[in-house]
Amino acid sequence: MARITYITPDGQQVVVEASSGSLMTAAVQNQVDGIEGACGGVCSCATCHIHIDAAWMDRVGPAGDAEAAMLELEDGSTSASRLGCQVPIRPELDGLTVRVVGR
Amino acid sequence: MRAEGQEMPLVLRLQDVRKVCKDWKTFSSDDPFMIVPHSEANVRSVRQYPIETDPPDHTDYRALVEPFFRRPNDADYQLGMQQLVDEALAAAAIPDSVDVVSELALPLQSRSLARLLNVDDSEANLWISWGTHVFKEGDGVSKGAELSSYIREKFEAAEGSEAHDFFSVLNRADFQGRKLTLEEKHGFANMAFAGGRDTVIHTVSSIIAHFAAHPEGLDFLRQDPARIITATEEFVRYVSPLTAIVRSCPHSAKVLDAEIAPGGRVGLCWPSANRDETAFTKPDEVVLDRSINPHVGFGFGIHKCLGAAQARLIIRSLLQALCNQIEAIHLIEAIPEIEQESSFERQVGFKRLRTSFKLRSSQHF
């Protein structure tokens with residue numbers, strides 16, 4: 001089980017508990033504003049763009065090649081960017097805070 | 001490729017296509033009738049909205065219709081779509097032989113569009129009679145005038161209406177402090193009717209053809225419901241029914257090694273990008289559980305397909321219905337639809353796909 005805090009584009013905090021899936025599916029299941037997950041999690045739509053708190057980047061890990069190529073051209077992309085669909089929920093992410101980039 | 005009397009470079013690689021999509025100032029969409037390689041000036045009379053515009057107008061135009069195109073995200077809408085697809089497939093499975101293009105894919109596309117536009121289901125009967133291509137008959141004869149007359153009549157009939165259908169809502173819409181002109185509304189409707197028509201029909205037909213050739217595929221999907229999602233994206237990638245969308249360059253530009261003169265055009269080749277072997281393993285195979293699938297089957301950037309949610313829902317519902325209802329598909333006759341251009345030809349779907357369906361003895365999985 002991991003407790004994740006999403007900060008939506010309009011500044012609201014949504015706290016979600018999840019034990020499986022990804023940062024995208026956990027957000028969609030809890031209707032976190034700004035995360036759509038249109039493609040279902042195959043790294044095609046980038047509607048789950050998030051920024052990871054700097055202190056957590058090592059634990060979350062870097063983007064893969066396909067994801068990095070998507071993020072290279074996304075608005076609001078920074079070194080903290082990840083696509084939520086490519087970050088599996090796992091116990092060591094308990095306490096993570098992410099900012100939803102939205103559109 | 002050669003189009004409109006010019007040699008037009010086609011951008012082929014995935015990331016190159018994305019980069020051109022992103023740079024809308026250099027590669028503009030503000031060029032009416034020219035969004036596809038060959039001008040559509042002879043088959044339609046209005047600019048299509050929002051696709052044939054650039055920001056900032058494009059942003060405001062698109063916002064007017066986005067609520068309609070988000071309707072497939074609603075749970076009740078999804079249930080209704082599954083019921084529609086279930087019934088369409090069940091009806092198609094009754095006869096000994098059915099043309100999937102005209103008797104399954106086309107009615108499915110039209111009836112689902114009626115739901116998307118929030119108009120009465122009976123409207124779809126006329127749309128079905130228009131056939132796969134809304135602008136041209138198979139021999140290239142224009143029939144765009146019939147669509148134009150229909151659209152203008154619908155906006156006129158909806159004048160003063162407080163209803164929530166596509167025509168009434170656009171009649172009431174405010175754009176940058178004014179009402180839309182009839183030409184603008186016509187351009188929105190033109191896009192709604194033409195945009196996702198042959199593409200959805202070809203994708204549905206191609207999916208049926210795939211499972212006729214690979215009967216084990218349905219069993220594979222039945223083993224894990226999550227594969228409905230991955231298979232949907234994979235069919236969008238693999239079929240890529242739209243060959244190219246074109247951008248125009250108001251100023252001189254460069255794409256890879258190609259110099260573009262002011263007024264020149266560049267084609268974005270979606271199926272090529274979607275088979276880029278540097279981005280996709282086994283690019284020429286259908287991999288139903290492809291988990292990383294960064295395709296551009298719905299485009300990329302500000303002009304990404306407005307109807308993507310609808311198309312995804314149709315395909316997901318179709319795959320679910322096939323898994324529930326169908327044991328096997330027997331191919332009787334397949335006549336491919338081939339696009340021929342100066343530098344390539346490719347199959348985009350089927351003109352006719354005659355099959356018979358064998359129902360499962362025990363439905364639902």
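At-a-glance table
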| quantity | calculated |
| --- | --- |
| Some residue of the stretch B:116-133 being charged (D, E, K, R), more than 25 Å from B:Pro32 (Cβ to Cβ) and in contact with a Phe, Trp or Tyr (Cβ under 9 Å, 6 or more places away or on another chain) | no |
| Whichever residue in the stretch B:304-337 is out of contact with any Lys or Arg (no Cβ under 9 Å at 6 or more places or on another chain) and among the small types (Gly, Ala, Ser) and, among such residues, is farthest from the other protein chains (Cβ to nearest Cβ) | B:Ala321 |
| Residue identified as closer than 30 Å to B:Thr53 by Cβ and either out of contact with any helix residue (DSSP H, G or I) (no Cβ under 6 Å at 6 or more places or on another chain) or not in a loop (DSSP other than H, G, I, E, B) (or both) among B:Arg316, B:Arg346 | B:Arg346 |
| From the options A:Ala38, A:Ala68, residue that is assigned to a loop (DSSP other than H, G, I, E, B), within 14 Å of chain B (Cβ to nearest Cβ) and either over 21 Å from B:Phe280 (Cβ atoms) or not charged (D, E, K, R) (or both) | A:Ala38 |
| Top-ranked residue of the stretch A:83-103 - restricted to ones that are within 14 Å of chain B (Cβ to nearest Cβ) and buried (at least 20 other Cβ atoms within 10 Å of the Cβ), ranked as farthest from A:Ser20 (Cα to Cα) | A:Leu83 |
| Number of the condition not met by B:Lys358 [criteria: (1) out of contact with any Gly (no Cβ under 8 Å at 6 or more places or on another chain); (2) within 30 Å of B:Phe69 (Cβ to Cβ); (3) among the charged types (D, E, K, R)] | (2) |
| Condition met for B:Val204 (within 14 Å of another protein chain (Cβ to nearest Cβ), buried (at least 23 other Cβ atoms within 10 Å of the Cβ) and under 15 Å from the mean Cα position of the chain (by Cα)) | no |
| Of all residues making up the stretch A:15-35, the number that are farther than 19 Å from A:Ser81 by Cβ and either within 10 Å of another protein chain (Cβ to nearest Cβ) or among the aliphatic types (A, V, I, L, M) (or both) | 3 |
| The stretch A:71-82, subset touching a residue at least 24 places away in the same chain (Cβ under 8 Å) and among the hydrophobic types (A, V, I, L, M, F, W, C), residue farthest from the other protein chains (Cβ to nearest Cβ) | A:Ala80 |
| Which listed residue is touching a Gly at 6+ places or on another chain (Cβ under 8 Å), modelled with pLDDT of 95 or more, in a loop (DSSP other than H, G, I, E, B) and surrounded by 18 or more Cβ atoms within 10 Å (Cβ to Cβ), from A:Thr25, A:Thr47 | A:Thr47 |
| One residue from B:Ala105, B:Ala91, B:Ala124, B:Ala41 being exposed (fewer than 14 other Cβ atoms within 10 Å of the Cβ) and at pLDDT 95 or above | B:Ala91 |
| Yes/no for A:Glu72 being acidic (Asp, Glu) and surrounded by fewer than 20 Cβ atoms within 10 Å (Cβ to Cβ) | yes |
| Subset of the stretch A:1-39 [without any contact (Cβ under 8 Å) to a residue 40 or more places away in the chain and over 15 Å from A:Asp94 (Cβ atoms)] | A:Asp10, A:Gly11, A:Gln12, A:Gln13, A:Val14, A:Val28, A:Gln29, A:Asn30, A:Gln31, A:Glu36, A:Ala38 |
| Total residues in the stretch B:275-303, condition within 18 Å of B:Lys19 (Cβ to Cβ), surrounded by fewer than 18 Cβ atoms within 10 Å (Cβ to Cβ) and either at the interface with chain A (Cβ under 8 Å from one of its Cβ atoms) or among the aromatic types (Phe, Trp, Tyr) (or both) | 0 |
| Residue match in the stretch B:80-99 (condition: small (Gly, Ala, Ser), touching a residue at least 60 places away in the same chain (Cβ under 8 Å), touching a strand residue (DSSP E or B) at 6+ places or on another chain (Cβ under 8 Å) and not in a helix (DSSP H, G or I)) | yes |
| A:Glu67 surrounded by 20 or more Cβ atoms within 10 Å (Cβ to Cβ), closer than 30 Å to B:Arg62 by Cα and acidic (Asp, Glu) | yes |
| Candidate set from the stretch A:43-65 (those that are within 20 Å of B:Lys22 (Cα to Cα) and touching a Ser or Thr at 6+ places or on another chain (Cβ under 9 Å)); member that is nearest to the other protein chains (Cβ to nearest Cβ) | A:Cys43 |
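The values are calculated or read from the model by the stated rules, or taken from the named source; none is laboratory data. Keep in mind it's a predicted model, so treat the numbers as computed, not measured. Backbone-built Cβ (ideal geometry, glycine too); neighbour counts: all protein chains shown.
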